Amino acid sequence: MKAQLQKILVLLMAVCIGLAALPARSFAIGEAGTFYVQPEFGVYGTGQKAVNSIITFGGSGGYFIIDGLSIGAEALAYSFDQKKISRSTPSGNALYHVVRSDGYSQNPWAFGFNGLVRYYPVRTDTAAFFIGTGIGGLFSSDRIPYYSNGGRGSEANLTVPADIGFTVAFTPNMALEVTGRYQRIGFDSHGLDAWGGHAALRFTF
């Protein structure tokens with residue numbers, strides 16, 4: 001996992017260097033008709049004991065259809081640090097139970113995407129504040145979570161994020177975005193409440 005993460009970080013750095021080398025043009029943050037892309041990295045905890053933490057990395061992009069309102073999408077890779085909460089079933093003898101592992105993986109990987117809508121109620125040429133939401137899905141190599149609330153999770157889950165964050169410009173084309181996020185993963189009794197956020201470098205065109 002560490003080697004894979006290092007390769008991905010090197011790739012993201014190369015993308016950032018390439019985007020930063022593009023010709024500069026001055027844009028106000030949230031200006032209608034502008035488009036942005038951004039690599040991002042996030043960390044989350046959960047409200048359920050079945051999963052300790054989640055790491056995400058990937059990218060997103062958006063287009064401002066009017067001043068202060070953007071629509072966009074993001075694609076993320078997820079790494080889950082989940083607990084093995086064994087489920088036990090009677091063995092026929094009241095004094096013994098059989099513990100089932102069911103192919104448990106402690107660090108399953110997943111791919112997810114979200115369609116996003118963001119509104120920027122406060123924005124200037126150098127900084128902006130936004131709120132947003134969206135809807136998407138998450139597809140994992142193993143069931144997420146392994147076992148929770150009397151049953152197993154799923155390999156495919158609906159996701160709904162709720163974002164609040166800010167963007168600060170470094171140059172006319174490059175900015176730092178820091179976002180706090182609540183994301184619901186799955187909408188049955190085995191779903192997760194993820195709390196955390198991500199940081200990203202935004203490149204505007």
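Checking G165 against (1) touching an Asp or Glu at 6+ places or on another chain (Cβ under 7 Å); (2) more than 24 Å from F205 (Cβ to Cβ); (3) buried (at least 18 other Cβ atoms within 10 Å of the Cβ): exactly one of these is not met. Which one?
So the condition that G165 fails would be (2).
For (1) within 15 Å of E40 (Cα to Cα); (2) free of Cβ contacts under 8 Å to residues at least 40 places away in the same chain; (3) assigned to a loop (DSSP other than H, G, I, E, B); (4) touching a strand residue (DSSP E or B) at 6+ places or on another chain (Cβ under 6 Å), each residue gets a yes or a no:
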{"residue": "G165", "(1), (2), (3), (4)": "yes, yes, no, yes"}
{"residue": "F187", "(1), (2), (3), (4)": "no, yes, yes, yes"}
{"residue": "H190", "(1), (2), (3), (4)": "no, no, yes, yes"}
{"residue": "W195", "(1), (2), (3), (4)": "no, no, no, yes"}
{"residue": "A199", "(1), (2), (3), (4)": "yes, no, no, yes"}
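Would you pick out the residues in the range 117-142 that are touching a residue at least 40 places away in the same chain (Cβ under 8 Å), open to solvent by 60 Å² or more (accessible area, probe 1.4 Å) and either under 20 Å from Q48 (Cβ atoms) or of a type in the set (A, V, I, L, M, F, W, C) (or both)?
Within the range 117-142, just V117 meets the criteria.
Using the structure shown, decide if V178 is open to solvent by 10 Å² or more (accessible area, probe 1.4 Å) and touching a residue at least 24 places away in the same chain (Cβ under 8 Å).
In short, no.
Looking at the range 70-90, which of its residues are open to solvent by 50 Å² or more (accessible area, probe 1.4 Å) and at pLDDT 95 or above?
Result: I71, A73.
When residues of the range 128-155 are filtered for being outside any loop (DSSP other than H, G, I, E, B) and modelled with pLDDT under 95, how many remain?
Looking only at that region, the number is 9.
Out of curiosity, is A156 over 20 Å from A77 (Cβ atoms), small (G, A, S) and in contact with a strand residue (DSSP E or B) (Cβ under 8 Å, 6 or more places away or on another chain)?
Here the answer is no, as A156 does not meet what is asked.
When the residues of the range 31-63 are filtered to those that are in contact with an Asp or Glu (Cβ under 8 Å, 6 or more places away or on another chain) and among the charged types (D, E, K, R), which remaining residue is farthest from A128 (Cα to Cα)?
So, considering only residues that are in contact with an Asp or Glu (Cβ under 8 Å, 6 or more places away or on another chain) and among the charged types (D, E, K, R), the one farthest from A128 (Cα to Cα) is E40.
The values are calculated or read from the model by the stated rules, or taken from the named source; none is laboratory data. Remember, it's a predicted structure, so these values are computed and weren't measured experimentally. Counting neighbours? That spans all protein chains shown, and the Cβs are built from the backbone with ideal geometry, glycine included. Heads up: the accessible areas ignore ligands, DNA and RNA and are worked out on the full protein's heavy atoms, side chains in. Shrake-Rupley method; radii C 1.70, N 1.55, O 1.52, S 1.80 Å.
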